[in-house]
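**Student:** Below is one structure. I have some questions about it.
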Amino acid sequence: METRQAVQAEGSAFAPFSRRKFYGWNNAALLFFIQFASSGFVTYAYAAVFPAMVVAMDWHRGDASIAHSLNFLMIGIAYPVTGWMIGKWGVRSTLTTGLTLMLTGLLLTVFFVTQVWHWILIWGFLIGAAGALAGPLCWHTVVIHWFDAKRATVLGIMLTGSALGGFIAQPVLIGIMDSFGSWQSGWLVSAATVGGALLLSRFIINRPQDIDQFPDNIDPHDTHGNTRESAPIARTYRSAYNWTIREVFRTRTVYFAMIISITYLGLGTFLLTHGALYFSDIGISKLQTASIISMFILGNGVGRIPAGWLGDRLELRWLMAGIMGVMLIGFFMLWTLPHPLMLGISAFTLGLCYGGTFALFPALVSNFFGQESFAKINSVIAPLLLPFVAMAPAGAGYIFDIYGSYDRAFIIGLILSAMSVVAAICLTPPKHKALSPKTEPLKQTP
């Protein structure tokens, strides 16, 4: 009761919008620009600013990378808190809290970081917690509440914001750091963009019912065709049951999905954390390195919309199997073809696959296990899989410090990629025992 009252109180200030156009697209646009600023100029900006910090302060790669590993661990630890806050106060309040913490962490980094342990504490713990509270669970929850039949497509469009921001952030931040001669100037620009995202977050509306609207702008009780749009038909599997956490973890599907998630997040994190250092080691210039990283981020953005569009039309197991197969090839090319042109092609290919999987994974969870169960399921899955992803930054750094190359890190990535192809092929929708074949909508066709 308290939860409903809190959500209604938060949405009540926006009641006049109920008589305007469908607000789901407003939310998608707001989240696009929030990600452009907060994720694009923070998460992806790491690839531009972190190498400059390592060089300027003569840090060991393994020690400095502990911060990014702790960042992932903290995101996982804070995810249950994020899910609880979303349930109690709604996405808007949760997102605002996270962006406030992120802005605070960036300003502390700019003005107080002089030792590696300062960096570990701020980036690892404070910005890690902010990344959970202002991260994908909030974005995905809003879209899943507002869209059903076009869910994967809208997720793909909305999630492109972070990749576009990251693509622009690379040359902008590198140019600013070169002009001012300090890595602090890069993070200061990031802080300014997060401040803008914080302002935009106050216009998010949590659920359609908060302003007397409906998902997809379709009134399910309208039997006279009075809604402004004809109801779209879902072409892929949608669970008719909202699964409990215990039921989810009794299926094999969730474990196959976790293998895929660990792999694509781990490979992307490795490239963003150590890509610039790896390219420098093999003789790639600073300008070429920035271009290669930007190609990964560009591919990341380009891949999200078509993957989302296909995810509403093709069964996800085959789509994800194809994506993970291409990701394996791209990662192998990145390791074995050191020419700048081939590295750019490899990075773009990896970005396409990373972005595509990033857009499809929330659709998979909500489609397979129920729309209303999405937030609570993700709040449990994230703490389980992110510790494995967190091994990538520090693990790759210490592999280099010990062996003098990243070869073993590439081999581990290739093994995980091959496992993910198999896992995707086995990724069949689970069937709940409470539902008979007549009530479980295995697939709807136009």
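The values are calculated or read from the model by the stated rules, or taken from the named source; none is laboratory data. Quantities reported herein were computed from a predicted structural model and do not represent experimental measurements. All Cβ positions, even for glycine, are placed from backbone atoms using ideal geometry, and neighbour counts span all protein chains on display. Please note that ligands, DNA and RNA were not included when accessible areas were found on the heavy atoms of the full protein model with its side chains. Shrake-Rupley method; radii C 1.70, N 1.55, O 1.52, S 1.80 Å.
**Student:** Please state which of the following conditions residue 124 fails to meet, knowing it meets all the rest: (1) part of a helix (DSSP H, G or I); (2) open to solvent by 10 Å² or more (accessible area, probe 1.4 Å).
**Tutor:** Result: residue 124 passes all but (2).
**Student:** Enumerate the pairs (first residue in the stretch 280-295 and without any contact (Cβ under 8 Å) to a residue 40 or more places away in the chain; second residue anywhere and open to solvent by less than 60 Å² (accessible area, probe 1.4 Å)) with beta-carbon separation below 7 Å, excluding pairs fewer than 6 apart on the same chain, so at least 6 apart or on different chains.
**Tutor:** Between residues of the stretch 280-295 that are without any contact (Cβ under 8 Å) to a residue 40 or more places away in the chain and residues that are open to solvent by less than 60 Å² (accessible area, probe 1.4 Å), the close pairs are 289/276; 289/279.
**Student:** Would you please name the residue that is nearest to residue 145 (Cα to Cα), looking only at residues in the stretch 43-60 that are assigned to a helix (DSSP H, G or I) and open to solvent by 40 Å² or more (accessible area, probe 1.4 Å)?
**Tutor:** 43
**Student:** Let me ask another. When you look at residue 259, is it hydrophobic (A, V, I, L, M, F, W, C), open to solvent by 20 Å² or more (accessible area, probe 1.4 Å) and at pLDDT 80 or above, yes or no?
**Tutor:** So residue 259 fits the description; yes.
**Student:** Residue 225 passes all but one of (1) at pLDDT below 80; (2) open to solvent by 50 Å² or more (accessible area, probe 1.4 Å); (3) on the phi < 0 side of the Ramachandran plot; which number fails?
**Tutor:** Going through the list (1) at pLDDT below 80; (2) open to solvent by 50 Å² or more (accessible area, probe 1.4 Å); (3) on the phi < 0 side of the Ramachandran plot, residue 225 breaks only (3).
**Student:** Would you be able to tell me the number of residues in the stretch 168-192 that are within 17 Å of residue 285 (Cα to Cα), surrounded by fewer than 17 Cβ atoms within 10 Å (Cβ to Cβ) and under 24 Å from the mean Cα position of the chain (by Cα)?
**Tutor:** Matching residues across the stretch 168-192 total 1.
**Student:** Answer yes or no as to whether residue 101 is at negative phi and modelled with pLDDT of 95 or more.
**Tutor:** For residue 101, the condition - at negative phi and modelled with pLDDT of 95 or more - is met.
Yes/no per residue for (1) at pLDDT below 95; (2) out of contact with any helix residue (DSSP H, G or I) (no Cβ under 7 Å at 6 or more places or on another chain); (3) closer than 26 Å to residue 240 by Cα:
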| residue | (1), (2), (3) |
| --- | --- |
| 371 | yes, no, yes |
| 377 | yes, no, yes |
| 387 | yes, no, no |
| 390 | yes, no, no |
| 394 | yes, no, no |
| 403 | yes, yes, no |
| 411 | no, yes, no |
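**Student:** Please go through the stretch 87-109 and pick out each residue that is part of a helix (DSSP H, G or I) and open to solvent by less than 20 Å² (accessible area, probe 1.4 Å).
**Tutor:** Across the stretch 87-109, the qualifying residues are 91, 92, 94, 95, 98, 99, 102, 105, 106, 109.
**Student:** Among the numbered criteria (1) buried (at least 21 other Cβ atoms within 10 Å of the Cβ); (2) out of contact with any helix residue (DSSP H, G or I) (no Cβ under 6 Å at 6 or more places or on another chain), which single criterion is violated by residue 330?
**Tutor:** (2)
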